[in-house]
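The values are calculated or read from the model by the stated rules, or taken from the named source; none is laboratory data. Remember, it's a predicted structure, so these values are computed and weren't measured experimentally. Here the Cβ is made from the backbone with ideal geometry for all residues, glycine too, and neighbour counts use every protein chain on show. Keep in mind that these areas ignore ligands, DNA and RNA; they rest on the heavy atoms of the full protein, side chains included. Shrake-Rupley method; radii C 1.70, N 1.55, O 1.52, S 1.80 Å.
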Amino acid sequence: SYALLVPTIRQIRAYNQMACMSGMMIGMTIGMMAGFLAGYFVGATNGMFIGGIFGMLVGVVLGVWVGSCCGVMGFIEGIMAGFMGGWMGAMTAVMLINDNLKLASVIIFGICAVILASLNYMVYSETKETERQRKEDHFITIIIKHSFKIF
C-alpha cells in the first residue's frame, strides 16, 4: 500500500502551496488512505487493537504532514481522517477474517489505488501551470518507504 502512497506524497510535496480546498482534499485523502490501508493490513494479522493504533498513527502523521502544506484546514482534515481511517481499516479486517478476507483485500486495494490516482490527477490539474516549488532528492521517499517496511 505504501507503493501507492509514496508517489502521491512526493508529488504533493513538490508543489508546496495550493488552495485551501485542495489542502482539505489532500489531508483527508492521504490521512484516510494511509490510515485505512495500514490499519487494514496490520489488523488482519494482529487484531483490531494493534491494527487500529498503527493505522491511526500512520494516518494522522501522514495526513497532518501532507495536509499542512495548504493551511490549517488540511491539517485538521489530516488528523480527523487518519484517526477515523486507522480504526475503520482494522475493524473492517477483523470483521472479514471469517469471510472472504483475501478477496476483500484485493478489492479494497484496487479502490484505494483509484482514489490515490484521482488525487494525483487533482494535484496535477491544480498545479500544471505553476513551477515546481521544491526540488528535493529521493531521501524523504526512501525514509517513508523504509519506515513502512519496519512495521
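On the basis of being of a type outside the set (S, T, N, Q) and more than 17 Å from L119 (Cβ to Cβ), does I26 make the cut? Here the answer is no, as I26 does not meet what is asked. Please determine whether any residue of the stretch 96-119 is surrounded by fewer than 17 Cβ atoms within 10 Å (Cβ to Cβ), under 18 Å from A14 (Cα atoms) and not hydroxyl-bearing (S, T, Y). Within the stretch 96-119, one or more residues are surrounded by fewer than 17 Cβ atoms within 10 Å (Cβ to Cβ), under 18 Å from A14 (Cα atoms) and not hydroxyl-bearing (S, T, Y).
When G71, G82 are checked against the criterion of being open to solvent by less than 20 Å² (accessible area, probe 1.4 Å) and out of contact with any Pro (no Cβ under 9 Å at 6 or more places or on another chain), a single residue qualifies: G82. Checking each residue in the stretch 1-57 for being touching a residue at least 60 places away in the same chain (Cβ under 8 Å), open to solvent by 30 Å² or more (accessible area, probe 1.4 Å) and over 20 Å from M84 (Cβ atoms) picks out P7, R10, Q11, R13, Y15, N16, Q17, A19. Against the numbered list (1) under 17 Å from Y2 (Cβ atoms); (2) open to solvent by 30 Å² or more (accessible area, probe 1.4 Å), L62 comes up short only at (2). Going by what's in this entry, would M91 be described as more than 14 Å from I26 (Cα to Cα) and either under 13 Å from the mean Cα position of the chain (by Cα) or surrounded by 19 or more Cβ atoms within 10 Å (Cβ to Cβ) (or both)? Considered against the rule, which asks whether it is more than 14 Å from I26 (Cα to Cα) and either under 13 Å from the mean Cα position of the chain (by Cα) or surrounded by 19 or more Cβ atoms within 10 Å (Cβ to Cβ) (or both), M91 comes out as no.
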